Each structure stands twice: as C-alpha cells, then as structure tokens.
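K.L.:
Please see the structure below; I have some questions.
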C-alpha cells in the first residue's frame, strides 16, 4: 500500500474524512460544517505553511472559491431559475400535463417524466419539482388515486435529466470547473449528452414501467387528517362560571388557551375583548378553535356552544363556511425557511391558521404544541386552514408552494420573457460565445432589469448552504491536489483494484461515487473525486475526461436515500415515503444507470 507523501497530506486526508462525517450530521447545519472546514484549512495552513514543487500554498488561496467561476455560475443559474418559477414560465406546460392526466394517466406519467428530465437538463431540478408537485398531488386528490405511485418517479426523473448537461446541476458545474483547473480540456455543455440521454432513457423506462409497481401505497399524512378550526359562539347563561366575571378571569379558567375574538352583547352591540371587560349572562363570546377544544371551553365555563344561531348538536354541527385546508411545503428560497411562525407573524401576514406540521415521517400536532416556536426546515409541510380566496391568492403570488385540491399556478405577463432569458443563457453558452458563468450572470441581470425578479427575490433565490458547500469543497479539493493527497488516494485505489481491467477500474470509481453521494453532499463527493479520477487516468494512461465523467455521473446518482438530495426530501414528505421506499426504488435505479454507463463510456472512449 502506498505511503502518505507528507504530514500536510495526512492532515488533509484526516480533514477530508472529518468533513464527510460532518456533512452527514443532520443536527449540524450544512453551512456550519462547510464554514468549519474552510476555517480549519485556512488557520491550519497559515500556522503550518506548506511548500511544494509549485511553491508555497498560501492559506488565503482557500478563499478563492468565493470568486470561483463555478460558484458564480451556480448562483447566477439559481437566480435565473427562480425568475422562471416566480413568473410561472412553465405554467402552460404544467396545465397541459394536468389536463392530460384526466385522459390517460399512464401516458401522462411518461410525458411528465420526460418533461421533468428534459427541463432539468437546463434548469435546476428544484423549480421543476416545485412546479410538478402541486399538479400531481391535485390530480391524485381529484382521481382518488395514490400520489405516492408517481411523486418519487417524478423526482428521480429530474435527477436523471440533470446529469445530461454541464448546467443541469451544480455538481456538473463543479466537476467541469475543477477538471479545467487541473489543466484538462474544458468539457462543453453537450459533450456528454449522448451517454447521459441513452442511460437516462433506460432510467425513465424503469421509472415509468417498474417503479410505480414496486412502490407501496402511502396515504399522505396531512391531507384532511388534522381537525379544522371553527368559529363559534359561547352563550353565557345565568349559572355559567363566566357570569359577572372579567374576561381575564374567564381566560384564566381555561388556562389561557381560549382566544376571544369579540363579545356580543345583543343583536347589534359588540364590545372589544379587553382583559377587564365584564361578562354578563346573555353575552356571547366569539371564539375560534378545534371542535375538541371548543367543547372543552363549553364544559369548563358552563356555557352553550352555538354555531350560526343554533346550539351545536347532531342536527346542527360546527361548520367552517368557505374555509379550505391546504398544505404548504417549505422549499429552498421560501420565506418560511429557517424561521419560526412567531418570528414571521404567519397568521397575521397570511391570514391562515396552522393546524399541524409534518416533518420527516412525523406529525407535530396542532395548536397546543407550541408550533409558533418550531424552527422550520426545508421539506417541512404545514397543514393550514383559511378562506378559499386567500389560499388561491397566495398560490398565485408564488412565494409559497401550496398543495391542495386545485391546480392554480403562478403566472404573469413576464413569463415568456423569463423563458426567453433562460433560453438565451443556454444558447449563448452552448455555441461558445460566452462561458456559462458570464452568460448566466448576464441573464440574472436581465431578470432584474425586466422586472421578472426584484432584489428582495434574490435573497430567496440564493442558498447559503449551497454557496458554502461549494466553497468548502473547492478549498478541500485544492488542498487534496496541491499537497499530493489526491495522488496518494489514486495510488490506494489502483492498489486495491490491481490486476483489474480499465473498464472495471472505471466502473468501480463510478460506483464509489454513487455510494458516497447518497451518504454525503454530492458536491463534496464530486470535488473530492475529480482530482483523484484525473490522477487515476494519468497513471493508467487513459482518457482523463472519461474518468472525470465517471465522477460526474456517479455523484449525480442521488437516488437511494432521501437525504441524498433536497428534492428527495420534498417528495418524501409530499408522498409520505419511508427510508426503505427510497432504497427499494432508488437502489435498482442506481444499478441500472451505473451498469449502462459502465458499458457506454468505455465503449465511446475506446478502452
């Protein structure tokens, strides 16, 4: 087994293992782990300088990732993609797909998978999943079919399509940029489109014909399961506890849980519910809560519960007129991300009541659980209730991803403009007129100038975890290369696979990346794997581009675990999937893609 070349290489190797461990910790924010890696690298190399054959490695060089063309391209494309989502540029296609589901669900599923895959080749797959989620959930509600049979295949189709161009995912951009930094020929936008499409076509067929059959039926956790909130009146009689008491005394009797909206003195007189207001027999207290809680207030106060001037009984049950239940998903860029309902003043801002929160397989129930102080995370789902018009208005605004029984999608007159801008970004880069980092930056500026986005929208478009993981990965990749650690790891890999054919070595590298990307960040796996792949190819005297593509494709196979990619978490909550569901469907898809590409790429590169 090869020896580690120097102490700095050993330290970088240890830090790499530590970084991969930190990236798998759910309780540690990804941005915190990434920043920790950057700090350790910069402080370590500043205190213990390293000089190699290329001269001294300066600690400040590890900050260069903040200005790296890969990060600039990733950020600019995130902004452009957010502009398309905000303007509803893809809405017409979404509406066509929604209508086709009523005609031929099976053919519509195939069209949905193909559409998701093709669009994800040019746009980050998160907006695509955000677009298709409400459509598929709405269709399942209207047709009384299982959303779980289509949501996961749809999510995987966008991942499959994203690997076919250099701009399909941030992982692709990183691999291509790091390979160019290593002195390799810059890979063009469509240079690996053919093998990606051939393998992706087989993957799409699997997702269309097999995946829905092996997925178990899952009932959505939140759809109409939590008790609704009702507005009702508590009639105070002469023998009621509240007769002659102040509102403060009445509130204290209910342990401060009851919230009084107003006090009705007679048919035409209402008073403001101030704490010192005195309650008398004949008054009616207007309150809003769940049926169970309303009945508890009725019994505690010795009052009579009324709804629409009828006592609540079997003949006159509680009714919530024009009220609608809906589910709001916390996605990347949502105003709800990394905040609490109290901090956002959610009820006042959106005029919606939160009934429950669904998080990674469990439901945080109802109002008494202190939902206001729960810090929301990406993929959390809120069950809310509000006026039907208000729910539709929020959907049209497009700031929140709303799932309910309708299919209202955001759409503005600037939708065609944002679509043209994105097409221009792709076309200008594809023909080689401008690098993608420059064309995407120009596109982001055009989104702002034309009003498709404003500066406030940019705050939601950019992802701090993505930015910091990219910078940390680039810094770690630079340290691996310049200290000789990448060459050492390549030697170790070749020693383990000694005696194997180049095809087996190539295939083993891709499989290693596929396993790694389902455990840690795919961007980290890609940046760490790229210099190792280049060293392996150099030592075998084989085309380095082929081995770089092995890393690129392997790092994109984020199918087997829900935490492998953020859209996996979105479909996990929307479809109420379990971890084993992802393994059941994602592991075979990984093997299909791996086996196909393991044959295609060596054939195309003649080794």
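The values are calculated or read from the model by the stated rules, or taken from the named source; none is laboratory data. None of these values were measured; they are calculated from a predicted model. Cβ: placed from backbone, ideal geometry, glycine included. Neighbour counts: every protein chain shown.
K.L.:
When you go through (1) exposed (fewer than 13 other Cβ atoms within 10 Å of the Cβ); (2) free of Cβ contacts under 8 Å to residues at least 24 places away in the same chain; (3) out of contact with any strand residue (DSSP E or B) (no Cβ under 9 Å at 6 or more places or on another chain); (4) more than 25 Å from residue 335 (Cα to Cα) one by one for residue 58, which number turns out not to apply?
P.N.:
All conditions are met except number (1).
K.L.:
Please count how many residues of the range 456-486 are more than 23 Å from residue 77 (Cα to Cα) and surrounded by 24 or more Cβ atoms within 10 Å (Cβ to Cβ).
P.N.:
Qualifying residue count for the region: 6.
K.L.:
Among the residues of the range 124-144, is any within 30 Å of residue 429 (Cα to Cα) and touching a strand residue (DSSP E or B) at 6+ places or on another chain (Cβ under 6 Å)?
P.N.:
The answer is yes, given that some residue of the range 124-144 is within 30 Å of residue 429 (Cα to Cα) and touching a strand residue (DSSP E or B) at 6+ places or on another chain (Cβ under 6 Å).
K.L.:
Does residue 462 qualify as being under 24 Å from the mean Cα position of the chain (by Cα) and touching a residue at least 60 places away in the same chain (Cβ under 8 Å)?
P.N.:
So residue 462 passes the test.
K.L.:
Given the conditions (1) free of Cβ contacts under 8 Å to residues at least 40 places away in the same chain; (2) over 27 Å from the mean Cα position of the chain (by Cα), which single one is not true for residue 179?
P.N.:
(1)
K.L.:
How many residues does the range 585-607 contain that are farther than 21 Å from residue 195 by Cβ and out of contact with any helix residue (DSSP H, G or I) (no Cβ under 6 Å at 6 or more places or on another chain)?
P.N.:
1
K.L.:
Testing residue 154 on (1) without any contact (Cβ under 8 Å) to a residue 12 or more places away in the chain; (2) under 18 Å from the mean Cα position of the chain (by Cα), one condition comes back false. Which one is that?
P.N.:
Residue 154 satisfies all of (1) without any contact (Cβ under 8 Å) to a residue 12 or more places away in the chain; (2) under 18 Å from the mean Cα position of the chain (by Cα) except (1).
K.L.:
Turning to a different aspect of this structure: Anything in the range 536-566 that is under 18 Å from residue 487 (Cβ atoms), surrounded by fewer than 23 Cβ atoms within 10 Å (Cβ to Cβ) and in contact (Cβ under 8 Å) with a residue 60 or more places away in the chain? List them, or say none.
P.N.:
Within the range 536-566, 542, 544 meet the criteria.
K.L.:
Scan the range 570-584 for residues that are assigned to a helix (DSSP H, G or I) and either crowded, with 20+ Cβ neighbours inside 10 Å or in contact with a helix residue (DSSP H, G or I) (Cβ under 9 Å, 6 or more places away or on another chain) (or both) and jot them down.
P.N.:
Selection gives 570, 571, 572, 573, 574, 575, 579, 581, 582, 584.
K.L.:
Does residue 293 fit the bill of being at pLDDT below 80, closer than 18 Å to residue 241 by Cβ and either outside the structural domain of residue 82 (by TED's automatic domain parsing) or touching a strand residue (DSSP E or B) at 6+ places or on another chain (Cβ under 6 Å) (or both)?
P.N.:
In short, yes.
K.L.:
Do the conditions hold for residue 441, that is, is it at pLDDT 90 or above, touching a helix residue (DSSP H, G or I) at 6+ places or on another chain (Cβ under 6 Å) and closer than 30 Å to residue 42 by Cα?
P.N.:
The answer is yes for residue 441.
K.L.:
Another question, if that's okay. Can you tell me which residues in the range 585-606 are under 19 Å from residue 522 (Cβ atoms) and either free of Cβ contacts under 8 Å to residues at least 24 places away in the same chain or not in a helix (DSSP H, G or I) (or both)?
P.N.:
Scanning the range 585-606 gives a single hit, 591.
K.L.:
Being farther than 15 Å from residue 299 by Cα and assigned to a loop (DSSP other than H, G, I, E, B) is the filter here, so list the residues in the range 228-272 that pass it.
P.N.:
Correct list: 228, 229, 244, 245, 256, 259, 265, 266, 267, 268, 269, 272.
K.L.:
Against the conditions (1) over 17 Å from residue 531 (Cβ atoms); (2) in contact with a strand residue (DSSP E or B) (Cβ under 7 Å, 6 or more places away or on another chain); (3) buried (at least 20 other Cβ atoms within 10 Å of the Cβ), where does residue 33 fall short? Just the number, please.
P.N.:
(2)
K.L.:
It is to be established whether one or more residues within the range 499-518 are in contact with a helix residue (DSSP H, G or I) (Cβ under 8 Å, 6 or more places away or on another chain) and closer than 30 Å to residue 328 by Cα.
P.N.:
For the range 499-518, residues in contact with a helix residue (DSSP H, G or I) (Cβ under 8 Å, 6 or more places away or on another chain) and closer than 30 Å to residue 328 by Cα: present.
K.L.:
Taking the range 262-280 on its own, how many of its residues are loosely packed, with under 13 Cβ neighbours inside 10 Å and at pLDDT 80 or above?
P.N.:
Here the count works out to 3.
K.L.:
Sort out which residues of the range 253-277 are free of Cβ contacts under 8 Å to residues at least 60 places away in the same chain and touching a helix residue (DSSP H, G or I) at 6+ places or on another chain (Cβ under 8 Å), and write them in order of number.
P.N.:
Correct list: 253, 254, 258, 260, 263, 273, 274, 275, 276, 277.
K.L.:
Sticking with this one: Out of 495, 490, report the one residue that is part of a helix (DSSP H, G or I), more than 25 Å from residue 203 (Cα to Cα) and out of contact with any helix residue (DSSP H, G or I) (no Cβ under 9 Å at 6 or more places or on another chain).
P.N.:
Going through 495, 490 in turn, the sole match is 495.
K.L.:
Sort out which residues of the range 510-527 are under 30 Å from residue 32 (Cβ atoms) and assigned to a helix (DSSP H, G or I), and write them in order of number.
P.N.:
Once the filter is applied, which keeps residues that are under 30 Å from residue 32 (Cβ atoms) and assigned to a helix (DSSP H, G or I), the range 510-527 yields 512, 513, 514, 515, 516, 517, 522, 523, 524, 525, 526, 527.
K.L.:
Okay, moving on. Please go through (1) over 22 Å from residue 182 (Cβ atoms); (2) more than 16 Å from the chain's Cα centre (by Cα) for residue 544 and return the number of the only condition it doesn't satisfy.
P.N.:
Result: residue 544 passes all but (1).
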